[in-house]
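Just below is one structure, and these are the notes that go with it.
The values are calculated or read from the model by the stated rules, or taken from the named source; none is laboratory data. Small disclaimer: the values here were computed from a predicted structure and weren't measured. As a convention, Cβ positions derive from the backbone with ideal geometry for all residues, glycine included, and neighbour counts pool all protein chains shown. Ligands, DNA and RNA are excluded from the accessible area calculation, which covers all protein heavy atoms including side chains. Shrake-Rupley method; radii C 1.70, N 1.55, O 1.52, S 1.80 Å.
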Amino acid sequence: MTNRSSPKFLALAVVFAAAGLTACGQKAAPPAPAPVAAPAPAKPAPLKAAFVYVGPVGDAGYTYAHDAGRKEAVAKLGDKVATTFVENIKEGPDAERVIRELATAGNKVIFATSFGFGDSMAKVAKDFPDVYFEHATGFRTSDNMRVYEPRIHEGAYLAGIVAGRMTKTNVLGFVGSFPIPEVLRNINAFTLGAQSVNPKIKTKVVWVGSWFDPPKETEAAKTLINGKADVLLQNTDSTAVLQEAERQHKYAFGWDSDMSSFAPKAHLGSCMLLWGVYYEKALNDVLGKTWKTGATKWGYREGMTDFVKIPDFVPADVKKKVEDAKAGLKAGTLDIFKGPITDSTGKVQLAKGLAADDKWLGGVTFYVKGVEGKVPASK
Ligand code: GUN
């Protein structure tokens, strides 16, 4: 910037003054005033949005998938939005403090990305009626709080088709986080997918009581393998189960993001969560003033789930079965939970011919027939 009293400014002033004189020293007619451009309309300030993550972003898994979704939405919306995130936030009282701070800091939209953030978010939402609150995988809604969720049990079912054909022991293993309906649905869908190609399938479950705890996830994988499970799936956030399967020459799947590179021999496919499509929509809802409370549950059909990277060594007819199932999900002709659904005690949970609706899916508290053991009480 040129300072008015600087030599540079004075030199420029002399040049301009000289330019106002003609060659014979007479003053020239003043030049026509240059057209003044209308001031550009002030750009609206970007919409401030914050994301609360339960784990580290890292390079794979649940939180990584959320952050990839955030980046995808930013790439689409450009400078209309300004996003930030906080990672490794524990479910519980600390989450309330963090969400409150984000609202106080002027964020207009806050995404809390794990089931256990629900209570905390509901409390803060009451105190900030002008902020939009979005809770992933939850169920509490209010005028300014809504929920969103991918139908990831679709990925679990597709993984089950592959597992059912690749197992030699007919025993599958599942590492569970918390016994909530979402996770029970995934265990059941995995088992039903496997049973659709192999009626002898049994599934064993080990619960770790955490979303992200790689050492515990590893221990759980070891226990399952010791119990004869030779194909594993997990509803936890890290690559630990897949990597343990690789070490022990068993099979397993990626979960939440593409984990193929972590276990090239064990990996049979990855169940993907593609959050970007929702984040773009949610931010556009606020920008366009069309935000409404409610619940969004999207799956393969809407581009929010996928199952990818089945390796070449999986037989072609198995791959074809997966592709056919995907086509059914897309067309809405495949219902993963279609009656009769019998639980592990022999009770019919969904009558013959009925297809599960969202209410039924949200109330799954049992194992389907073929899953061993009892569902532990949820905390
Ligand atoms: N990882 C951390 N939180 C969650 C959650 O709410 N759902 C799922 N599927 N995975 C998670």
Does anyone have the angle between helix 181-195 and the longest principal axis of the chain? Alpha-carbon axes, 0 to 90°, nearest 10?
60
Can you pull the Rg over Rh of region 115-234, Cα-only, Kirkwood?
1.11
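Just the accessible area per residue of the chain, please: how many Å² with a 1.4 Å probe? Mind showing how you got there, number by number?
Working: 18460 Å² over 379 residues.
Ligands and nucleic acids excluded, the figure is 49 Å² per residue.
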Could you give the nm distance between label points at Asp317 and Lys330, where each point is 7 Å from its Cα heading toward the beta carbon?
2.4
Gain in span if fully extended, Thr365 to Lys80, counting 0.36 nm per residue against the direct Cα distance:
98.4 nm
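At most 15 other Cβ atoms within 10 Å and a DSSP loop assignment: could you name the chymotrypsin sites (Phe, Trp or Tyr not before Pro) in region 269-314 that fit?
Details: sites: Trp275, Tyr278, Tyr279, Trp291, Trp298, Tyr300, Phe307, Phe313; in loops: Trp275, Trp291, Tyr300, Phe313.
Taking region 269-314 and a limit of 15 other Cβ atoms within 10 Å, the loop chymotrypsin sites (Phe, Trp or Tyr not before Pro) found are Phe313.
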Once all protein chains are kept in place, Trp207 shows an accessible area at probe 1.4 Å, nearest 10 Å², of 60
Tell me the net charge near Val162. Cut-off is 12 Å between Cβ atoms, Val162 excluded, with +1 for each Lys or Arg and -1 for each Asp or Glu.
+3
Find the relative contact order for region 220-348 and round it to a whole percent, using C-alpha pairs within less than 8 Å whose residues are 6+ positions apart.
16
Label point distance in nm, Asp130-Ala42, each placed 7 Å from Cα along Cα→Cβ:
1.5
Determine how large the accessible area of Met259 is when every protein chain is in place; take a 1.4 Å probe and give Å² rounded to the nearest 10.
0
With every protein chain in place, the accessible area of Thr84 for a 1.4 Å probe, in Å² rounded to the nearest 10, comes to 70
Compute the distance from the alpha-carbon center of region 181-233 to that of region 266-340, in whole Å.
21
Here the percent of antiparallel bridges among DSSP beta bridges lying wholly in the chain, to the nearest 5, is 20
Heavy-atom accessible area of the chain with neighbours in place, 1.4 angstrom probe: carbon+sulfur share in percent works out to 58
Relative contact order, percent, of the chain when contacts are C-alpha pairs under 8 Å separated by at least 6 residues?
16
Normalised contact order of region 95-250, rounded percent, pairs of Cα under 8 Å and 6 or more residues apart:
18
Which shape class, rounded, prolate or oblate, goes with region 45-146 when its Cα gyration tensor gives a ≥ b ≥ c as root eigenvalues, a/c under 1.5 marks rounded, and past that a/b bigger than b/c marks prolate?
oblate
Which lysines have a Cα lying under 22 Å from the Cα of Lys320, excluding residues fewer than 8 positions away in the same chain?
Lys168, Lys200, Lys265, Lys309, Lys330, Lys338
